[in-house]
Amino acid sequence: MRIDLHNHTTRCCHAVGSMDAYVEAALANDIEEFGFSDHSHWMLHAKGPRYAMRPHEHEHYIADVRRLQARYRRDGAQPFRIRLGMEMDFIPSRLALAREAIARHDWDYVIGSVHHVGLGNMQGDELYATWPIEDICEVYFDAVGHMVRERFCDIVGHLDLPKKLGHRLPGGMLRLIEPLIPDLLANDIAVEINTSGIDAPAGEVMPGWDVIALLADRGVPLTLGSDAHAPDQVGRHFNAVFARLKQLGVRELVRFERRQMLAAPID
C-alpha cells in the first residue's frame, strides 16, 4: 500500500501548484492514501517572508481538503483516500493555541515538527554558522523529546532535521535518538521517513537509514512522506525507499484515519 502523508500547499508561501495538481500527482504515482499537512499558522517567523499560512486561512485550508476528499474519493479495486493533516510546530509557549486547533477539527493525523530552537531557524544557514552542531543537536532533540512526552502529535516529522543542510554531527545522531524510543512507544507515536532529505544537501532520507533500522528493530511505527512543495515532488524516491525497507525486513508502515493508527502493508 502506497501512502504519502506529508504534502504542502501554496498557503505556506513556499510551495507551488494547485491542490488538485498534488492529488493528480498522487494518483499518477499509484498512491492510495494521500495527506495534506500544511504548516500551522503559529510557526515562528523572523521579519520578512512567511513560511506558513495566516490564521484566517486555517478554515479555508480545511474546507479545501474536504472539497477534494469528496471529489476524489474512490472505492473498489483501486481505492483512493485524501487525509486531513497538518504539520504543527511544537512551540511550548504556543502549546495552548496548538491544542485548541487540534481539538477544534476532526483531523486524520498531526505531524509534529521542531523547526526552531529558540529563535534560531533549523533550516537557516545562520544558526549553523553561529553555533556548534553539537549544541544545536542537543537543544533540538531536547525539544523533540518534550514534544513526544506531551503526546502532541501522531507523527514526528523529519526527526534528524539538523543534518538537512549538510551539517553532520560527529559520531552520528543515534545516541541522541535512541533515548526517545521509550517515549515514542509509550505514546504510540510514529516516525515519518521523509524523502525530501534526498534532494537536500543531506542527500539521504530523514531520519537516516541507521536510525530507521534501529526504530524498526525496536518496534517504533514508521510512516512515509515526500514533504512535497510542488506536485512533481509527490511520492519522490518512494521506489528506492520501499526496496530498502524490504531489505531491512520492514513489512508494513502505518497510516491514519481520524487519528487512529492503521497498518499499511508494503506490497
Quick calc: nm separation of the 7 Å Cα→Cβ label points for Glu178 and Arg71 -> 4.9
Accessible area per residue in Å² at 1.4 Å probe, computed on the chain
43
In whole Å, largest first, what are the principal axis extents of the Cα atoms in segment 63-144?
53, 29, 19
The relative contact order of segment 60-149, taking Cα pairs under 8 Å that sit 6 or more residues apart, comes to a percentage of 22
Note on segment 157-202: the mean projected area of its alpha-carbon convex hull, in nm², is 3.4
To the nearest 0.05, how large is the calculated FRET efficiency for His60 and Gln247 if R₀ is 35 Å and r is the Cβ-Cβ distance?
0.25
Below 14 angstrom from the Cβ of Asp199, what's the summed charge of the other residues (Lys, Arg +1; Asp, Glu -1)?
0
Just for the chain, what percent of DSSP beta bridges are antiparallel, to the closest 5?
30
For Lys47, give me every one of the lysines with a C-alpha distance below 26 angstrom, ignoring sequence neighbours fewer than eight places off in its own chain.
Lys163, Lys164
Out of all DSSP beta bridges with both ends in segment 95-229, state the antiparallel percent to the nearest 5.
25
Evaluate the charge dipole of segment 1-158 about its Cα centre and quote only its size in Debye, nearest 20, assuming +1 on the Cβ of each Lys and Arg and -1 on the Cβ of each Asp and Glu.
600
Taking the dipole about the Cα centre of the chain, with the C-beta of Lys and Arg at +1 and of Asp and Glu at -1, give me whichever of Trp107, Leu119, Ala202 is farthest to the positive side.
Trp107
Compactness index (Cα Rg / 2.2 N^0.38 Å), segment 149-243:
1.06
Rounded to the nearest 5, the percent of DSSP beta bridges in segment 1-160 running antiparallel is 15
Carbon and sulfur atoms account, in whole percent of the 1.4 Å probe accessible area of segment 148-267, for 48
I'd like the trypsin sites (Lys or Arg not before Pro) in segment 1-73 restricted to DSSP loop residues with at most 16 other Cβ atoms within 10 Å, sorted by number.
Lys47, Arg50, Arg73
Quick one: if the Förster radius is 41 Å, what FRET efficiency do Glu134 and Asp232 give, using the C-beta to C-beta distance and rounding to 0.05?
0.65
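The values are calculated or read from the model by the stated rules, or taken from the named source; none is laboratory data. What you see is a predicted model; the values in this text were computed from it and never measured. Quick reminder, even Gly has a Cβ in these numbers, built from the backbone with ideal geometry, and neighbours come from all protein chains shown. Protein only, heavy atoms only, side chains kept; ligands, DNA and RNA dropped before computing areas. Shrake-Rupley method; radii C 1.70, N 1.55, O 1.52, S 1.80 Å.
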